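Data first, discussion second: the structure below is written as structure tokens.
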């Protein structure tokens, strides 16, 4: 069975944040400044979920010595 984009995003996000509840909240409610201030869910519904996956892979690639964090809009 083919895996949906939201599940694919969640699986990558879980590599950054192991708390499933936090990942779900992030997917549904966290605006992503790097992607126009839209939430992951909005982007996935508009056919742009791959952009979120690319963003998360970039976060993982840059982790280095500090633990990676899910992208957020500046507060």
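Estimated at 0.36 nm per residue, the fully extended path between residue 19 and residue 50 surpasses their Cα-Cα distance by 9.0 nm.
The separation of the stretch 6-34 from the stretch 36-66, counted between C-alpha centres, amounts to 9 Å.
The numbers here are math on the coordinates, done by the rules we state, and not lab data. Values in this document were obtained by computation on a predicted structure and should not be read as measured data.
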